[in-house]
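Single-structure report; data block below.
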Amino acid sequence: MTVLIPFAGLSPVPWKNGGGNTTEIAIGPQDAGFEDFDWRVSLATIEKDGAFSLFPGVDRTLALVEGHGMLLEIDGEPAMVTETEPVVAFDGSSTVLAKLSRGGSTDFNAMTRSEVCYHTFGRRRLEGDATFVARADVTVLFLAQGDTLELSNEQERIGLVRYDAVVLEAGSVWQLEAGQGMVYIVDIWYHADEDEEAAYE
């Protein structure tokens with residue numbers, strides 16, 4: 001089933017340390033929390049330098065959406081997040097300290113629990129019409145840049161504005177219509193599916 005997630009209907013949750021807030025976009029299973037999700041995507045606004053929360057057993061990808069980025073120190077090793085190098089992946093059990101570059105930063109986050117599933121992250125620049133195939137068990141499209149995006153196939157037509165997201169059915173094929181923009185793509189695969197395929201080989 002295709003699920004449209006309008007950002008306007010979501011609510012940010014302030015961090016306990018006062019350094020920013022997080023807006024959960026989608027989570028699997030739908031009723032999961034921090035301790036038992038399989039996967040989770042969110043948008044965070046970082047307003048102060050500080051430490052990231054620990055998520056042992058979770059693989060993380062962070063991608064810059066708005067702002068000048070930051071310097072991350074991941075287990076003591078530096079990693080820059082900038083407009084030219086906007087994506088960084090790291091282990092959720094790592095000690096991560098963030099130092100902002102010239103003001104606040106808005107960042108997209110993807111997380112998967114490694115014993116259950118894994119994810120890949122991609123960025124696709126849009127200009128005009130294009131075709132998109134949802135190849136993973138779960139595919140999340142997030143409109144990171146651009147005013148509008150329309151997805152359509154023979155069964156559905158869906159309109160997005162900036163920061164909206166859509167969760168796509170595996171194997172579905174879509175036509176994308178946009179002026180100019182950028183989508184972030186999170187593909188999520190469950191290990192159980194791979195195990196079943198291996199058993200038949």
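On the stretch given as the stretch 1-25, residues that are charged (D, E, K, R) and open to solvent by less than 90 Å² (accessible area, probe 1.4 Å) total 1. The set of residues in the stretch 59-83 that are closer than 14 Å to Gly104 by Cα, part of a strand (DSSP E or B) and not aliphatic (A, V, I, L, M) comprises Glu66, Gly67.
Here is a yes/no grid of residues against (1) open to solvent by less than 30 Å² (accessible area, probe 1.4 Å); (2) in a strand (DSSP E or B); (3) free of Cβ contacts under 8 Å to residues at least 24 places away in the same chain; (4) of a type in the set (Ser, Thr, Tyr):
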residue: Glu85; (1), (2), (3), (4): no, no, yes, no
residue: Lys99; (1), (2), (3), (4): no, yes, no, no
residue: Gly103; (1), (2), (3), (4): no, no, no, no
residue: Thr106; (1), (2), (3), (4): yes, yes, no, yes
residue: Arg123; (1), (2), (3), (4): no, yes, no, no
residue: Glu127; (1), (2), (3), (4): no, yes, no, no
residue: Ala130; (1), (2), (3), (4): yes, yes, no, no
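Evaluating His68 against the criteria (1) under 28 Å from Ala8 (Cβ atoms); (2) open to solvent by 40 Å² or more (accessible area, probe 1.4 Å); (3) in contact (Cβ under 8 Å) with a residue 40 or more places away in the chain; (4) over 16 Å from the mean Cα position of the chain (by Cα) leaves one unmet condition, (3). For the stretch 42-57, which positions are buried (at least 19 other Cβ atoms within 10 Å of the Cβ) and either in contact with a His (Cβ under 6 Å, 6 or more places away or on another chain) or within 13 Å of Phe90 (Cβ to Cβ) (or both)? Once the filter is applied, which keeps residues that are buried (at least 19 other Cβ atoms within 10 Å of the Cβ) and either in contact with a His (Cβ under 6 Å, 6 or more places away or on another chain) or within 13 Å of Phe90 (Cβ to Cβ) (or both), the stretch 42-57 yields only Phe52.
Quick one: would you say Phe90 is under 13 Å from Met111 (Cβ atoms) and assigned to a strand (DSSP E or B)?
Values: under 13 Å from Met111 (Cβ atoms): yes; assigned to a strand (DSSP E or B): yes.
So Phe90 fits the description; yes.
Scanning the stretch 99-127 for residues that are closer than 27 Å to Gly146 by Cα and more than 17 Å from the chain's Cα centre (by Cα), we see that the one that is modelled with the highest pLDDT is Leu100.
The values are calculated or read from the model by the stated rules, or taken from the named source; none is laboratory data. Quick caveat: nothing in here was measured; it's all calculated off a predicted structure. Quick reminder, even Gly has a Cβ in these numbers, built from the backbone with ideal geometry, and neighbours come from all protein chains shown. Side chains are part of the model used for accessible areas, which takes the heavy atoms of the whole protein and leaves out ligands, DNA and RNA. Shrake-Rupley method; radii C 1.70, N 1.55, O 1.52, S 1.80 Å.
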